[in-house]
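First up is the structure itself, then whatever we jot down about it.
A short reminder: the numbers here are calculations on the coordinates, not readings from a lab. Please read these numbers as outputs of a predicted model, since none were measured by experiment. Cβ sites come from the backbone with ideal geometry, for glycine too, and all protein chains shown count toward neighbours.
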C-alpha cells in the first residue's frame, strides 16, 4: 500500500504557538498530499473542529493553556473519532503514555532536527492504519451484502420450487449447485467445481499474475491437464492499460488471442473475467463458435459461480486483514505476539528450544528518503519473499515493525538459528532486486528460549536488543544475544 495514493482523503490539523514550526509542518503535510491546516489560536481551532473535524490532530503540548487531560477531553467531546499525535519534550513521554486509550496514535520528540519529516512519517503511519480500518469495515459490509445476495438467490430458488412444480427438477439442481459452491474449501476448488458443472463445454481458466503481466493456464474442462501445463501469455505494458475494458466486452489482447487460436483452436476466443474484491483473478476462455444454448448455459452458470466466488474471496480477505501485513504479506505484529507465546509454551512442555531471528533492512530510512516509499515497500516485500521461501514449513515469519521482520523457529537451538540467519544474510546480499538489479543488505538479531531467556516476552526483547546492537555497529551482520550471568535455563538444550 502507498499512502500517497490516498493521502488526499485525510484532513490533518496542526496546532502550535510556534509559527515557524506550524507553518513548516503544514507545508510538508500538504506536499505529501494531505488536506492540512495550521492553527495558532485555540478559539480558531475549536471553531474548525466543530465545523469540519479532522482525521488527525497534531498538537504541541507547549501550546496548551490548561492541562493535557482537559484538552483531550474537550476535543473528544467535540468529536471522539479524532486521533492525536503529540509533539512533546522527551521528559513528558511517560505522562503521555497514559493516554494510549484516548485516541493517541503517536508522540514525537520536539527536537528541531527533521521534525517536519518525523511529523509526516507519523501521520503516514496513522493514516495507513485508519485506511485499513475503513477498508476492513467496508469489506465486512461487502461480505454481509454478498451473504444477503446469496441468501436471496437461494430463497428465490426455494420459492420458485414451491410455486412452479413443473420446474422443480431444475430448481433442485440449481440449489444443489449453490450448495456445491458454498462448500468449496478454496478458490481453486471452486474453480474446478464450476468447470465440472459445465461438462461438455471446452473451457480453460487462466490465472492472472499482475506482477509479471501474465496469464497462466491452471484449470481446464474438455482438455487433458497435460495439454495446459506451461501454457500462458505475457502481455506487453500497453496491453494492460485497456485490459479491463477489453475483458468487459468479452475480448482479449491480440497477443493472448493469437495464442488461444493456435493452441486450442478457439475461433474466436471469448472471455469471462473473474474478479474478487475488485482485483482481476483470471479469465475463463471458451470458443465463440458455441451453440447459443451452450453459451447461455455457460454464462448462467458463471453468474452463480462468480457471486459465490466473490463471497468466498471476501471471507478470506477479512480473515487475512486481521493477521496479515499488507505490504510484505507476512503475518502481522498481533499474530506474532500470539504465536510466539504459544510456541514458547509448547517448547517448555516438550523441552525443545525455540529461537527468534529479528531481521532489519540496512539503510531503510535512507532508501525511503532518496527513492520513495513505493521502492521501500517493494524492497521490503522482496526480502519478505526470500524469507518465506527459505523457511521450513513449521516456521512463522511476521512483520513486527516498520523495519523489522521476525522469524519464529520451533525446535531450533541458538546455533541452528545463527546458521539460518547467516545463510539468509548471504542470500539477500547476493540477490538483485527490482528491475534495475538493486542490491540491499540486512542485519539480524538472534535469541533462543530457554538458553538465553525465560519467556516469550524476554525472547522477543532479547532478539530486538541483539538486532539493535548490530545495526548500531553498521549492519550487514548477525548478532547472537548474550544471556546475563544470572540466567538459569528452564531446561538444558543438548549440545549439537
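Overview of results
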item: Within the stretch 38-54: backbone nitrogen closer than 14 Å to the residue 74 label point (7 Å, Cα to C-beta); result: 40-50
item: Residue 429 versus residue 48: modelled label distance in nm, points set 7 Å from Cα along the beta carbon direction; result: 5.1
item: Relative contact order of the chain, pairs being alpha-carbon contacts under 8 Å that are 6 or more residues apart, as %; result: 9
item: Computed Rg/Rh of the stretch 164-321, alpha carbon atoms with Kirkwood Rh; result: 0.97
item: Contact order normalised by residue count of the stretch 3-133, Cα under 8 Å, 6+ apart, percent; result: 25
item: Ranked list, fewest to most other Cβ atoms within 10 Å of each Cβ, for 133, 385; result: 133, 385
item: Label corresponding to Cα extents along the principal axes in Å when calculated from the structure given, among (i) 79, 69, 49; (ii) 74, 52, 46; (iii) 79, 59, 41; result: (i)
item: On Cα atoms only, tilt of 115-163 relative to the major axis of the chain in degrees; result: 30
item: Computed over the stretch 164-321: relative contact order in percent, which uses C-alpha pairs under 8 Å that are six or more apart; result: 22
item: Added length on full extension, which subtracts the Cα-Cα distance from 0.36 nm per residue, residue 351 to residue 294; result: 14.2 nm
item: Least to most buried among 128, 366 (fewest other Cβ within 10 Å first); result: 366, 128
item: Peptides 264-273, 388-397 ordered by average Cβ neighbours within 10 Å, highest first; result: 264-273, 388-397
item: Between helix 456-472 and the chain: long-axis angle, C-alpha atoms, 0 to 90°, nearest 10; result: 70
item: Per-residue Cβ neighbour rank within 10 angstrom, fewest leading, 381, 358; result: 381, 358
item: Degrees between helix 168-182 axis and first principal axis of the chain (Cα, 0 to 90, nearest 10); result: 30
